[in-house]
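Contents: one structure, followed by commentary.
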Amino acid sequence: MTAESIQPAPSPILTSVPGAVPTPEGDQSPGVAWHYGDPLGEQRTATRSAGVVDRSDRGVIELAGPERLTWLHTISSQHVSGLADRRSAENLSLDLNGRVEDHFVLTDIDEVTWLDTEADRSTPLFEFLTKMVFWAQVTPTERTDMAVLTLVGPEIRSGAIAELLDIPADADVYAAGNLPELHHDDEPLGFWRVMPPIGEGRTAPVVDVVVPRDDLARWWHELTNAGADPAGMWALEALRVAAGRPRLHVDTDERTIPQEADWIGGPDEHGAVHLDKGCYRGQETVSRVANIGRAPRRLVLLHLDGSSATRPETGDPVAAGGRTVGRVGTVVDHFELGPIALALVKRSVPVDAALIAGDVEPGADESGTAARIDADLYAPDGAIPAGRAAQERLRGRS
């Protein structure tokens, strides 16, 4: 299933907020707002005060049952068997060769585990989970009646917005909690969770709010009244790219392994793969790369030549010296950095390489877009993997 095949009903936010412009045709977030008339201004607001983004395209899955966490632990990459109540984590489902099939966020609250993921992966992920239940005491359910909003900005963790959501000042990343009642006769339903910050320098706090779809417009109204300005997916994508955080099946391809996308790390380390856990599908590849090798590619942030008449697209090649060395992921205009993109490039590509992003037409005097790697988000190969170091010590003794 692809983004092009998804045709959900437009979000009530998209159809009711003045100036809302839908995401482009074929976008991975269908049916929500791309912007509200001032895309660069919305980014600026989200980094300096507070913005709220409609992400109701995301699929939500509920896991119920006493074995939900221990069962999920055995079939996914993250260490979640002992995840505490009111805590969240990021997680991956890999294929047998360790390549990334799904990336999802999970929150365990009041003996229920909630997952949310990309719109085009919701049903495939649900079907996979259902197939893997066997005799475990867990029941997966697709919750099309739940929706996601995302708050971004320094003012979301204090003042009126934090008070509305009842978020304590000391809540750390991946903390979660129940939403308060909207009205006195309401039963509390839905939750907030703190996510890793985004934006340049990763300084813009992020809070997701998962609410009943029927209450989506009502929560949007409450949050904007509390001081959050409407912001579209363009703003969220620009700040995500500036932080160097990948998005499934845009910044990854069918060959991507977790190390290439910087998804390594435990539930408190802003990662999605715990290296100290037992067997799961694809674990052998993850372990082998972590211990005795390096991933063939790395995720980089590219600064694109803004004067170029062309603009690369997702999936286009990245070239150096006339040879293809990678692929373009998300391409977006940032309010301060200009045109930027994420890309997967060969690990051998140096940080100062002169790159061309986009299709290069044979015989053309000028094609593609000049690009350079952002050195601040470039992780050099410094340390020797533990497994390789052990091998070299053994060879030295022989």
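For the reader, a short list of remarks on this structure follows.
- Put a plus charge on the Cβ of each Lys and Arg, a minus charge on the Cβ of each Asp and Glu, and nothing anywhere else: the dipole of the chain about its Cα centre is then about 1940 debye.
- Rg/Rh, computed from the Cα trace of region 27-117 with Rh as the Kirkwood radius, has the value 1.08.
- Only one residue of 124, 89, 280 has its Cα farthest out toward the positive end of the dipole of the chain, where Lys and Arg carry +1 and Asp and Glu -1 on Cβ, and that residue is 280.
- Across region 11-21, rounded Karplus estimates of 3J(HN,Hα) from the backbone phi angles (6.51 cos²θ - 1.76 cosθ + 1.60, θ = phi - 60°) give 4, x, 5, 4, 8, 10, 8, x, x, 5, 10 Hz, Gly and Pro being marked x.
- Averaging the sequence gap over all C-alpha pairs within less than 8 Å and six or more residues apart, then dividing by the number of residues, gives the chain a relative contact order of 16 percent.
- Over the chain, dividing the summed -39,500 (n - 2.57) contributions of all DSSP H runs of at least 4 residues by the number of residues returns a 222 nm mean residue ellipticity of -6000 deg cm²/dmol.
- Coil-residue GluC sites (Glu not before Pro) of region 87-149, DSSP, other Cβ within 10 Å capped at 11: 111
- Zone residues, region 135-174, relative to residue 40, backbone N less than 16 Å from point 7 Å out along Cα-to-Cβ: none
Read-outs: derived from the displayed coordinates by stated rules, not from any lab. Given the structure is predicted, the values throughout are model-derived calculations rather than measurements. Glycine gets a Cβ as well: all are built from the backbone with ideal geometry, and neighbour counts include every protein chain shown.
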